[in-house]
1. State the Cα centre-to-centre distance between the stretch 148-168 and the stretch 175-225 in whole Å.
2. Can you give the Rg to Rh ratio of the stretch 93-222, both from alpha-carbon atoms, with Rh computed by the Kirkwood formula?
3. Would you kindly compute the Cα radius of gyration of the stretch 162-216 and its largest Cα-Cα separation (Dmax), both in Å?
4. Give the peptides 126-134, 191-199 in descending order of average Cβ contacts within 10 Å, highest first.
Amino acid sequence: MIQRVRILAIAGPHMYRLATRTIASDKPEPGITSGLLTKPPVRMITRAVAHEIRKAGVPMGDVNLRPYVERRKEAWKKALDFDPPTFIGNIEKAGEVLKSDPTLSVSTQLPIVREELKADLYGAAAAPGMVEAPARVIMEANRLSELKEGEILVAPGTSAAWTVAFSFIKGLITDGGGALSHPVIMAREYGIPCVAGCLQGTQKIKTGQKVRIDGDLGVVYILDK
């Protein structure tokens, strides 16, 4: 058994390389059967999983891998158009989850709710200041080109890829975030009002709605309802 594992560990990568070269070029390598695919784009190879491509190294005559690749291609296309939900599960249980694991409080904390403020959203952490402006809901960094100068960015959270936006937005609202999270730290550095850890900001706010951020109190008001 051990010897077999050693053989697979040494020969496996080499056979995989030969198989993929054969599939990509339609020119057989020694020990690999030809005619597996008819001049497909090289990128299609990545759409066949390892145990399927491995069949190219089995000396059992021509093996047509195109059906496998086509299935992977269709799955890849569907994945591109899939818009995942912001939360998986019951958002009402978020508080219980955060309380169950103290390590989560580094990046996300529970909103501090003060009913007397009658706000639409309550944050867990904030950067000081008050501002009113139209909101722009953006769910991922590759959509930042839609953001216009002077808008309030509403997002699930931010990371280094979002930093370019801080130079021209008027404020920031995020679903996640705590006192040491990226959105709060960057907002303070840029002097932008921010309320983070609202949990449902991207769900309650729509692009174009005018909102007010009160970073001093850590709350958000939706002015256009």
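We did not get these values from a lab; they are worked out from the coordinates using the rules stated. Bear in mind the structure is a predicted one, so any value in this text is a computation, not a measurement. Every residue, glycine as well, gets a Cβ built from its backbone with ideal geometry; the counts of neighbours run over all protein chains shown.
1. 11 Å
2. Rounded to two decimals, Rg/Rh equals 0.94.
3. Reported Rg and Dmax, both Å: 10.7, 29.
4. Descending mean neighbour count gives 191-199, 126-134.
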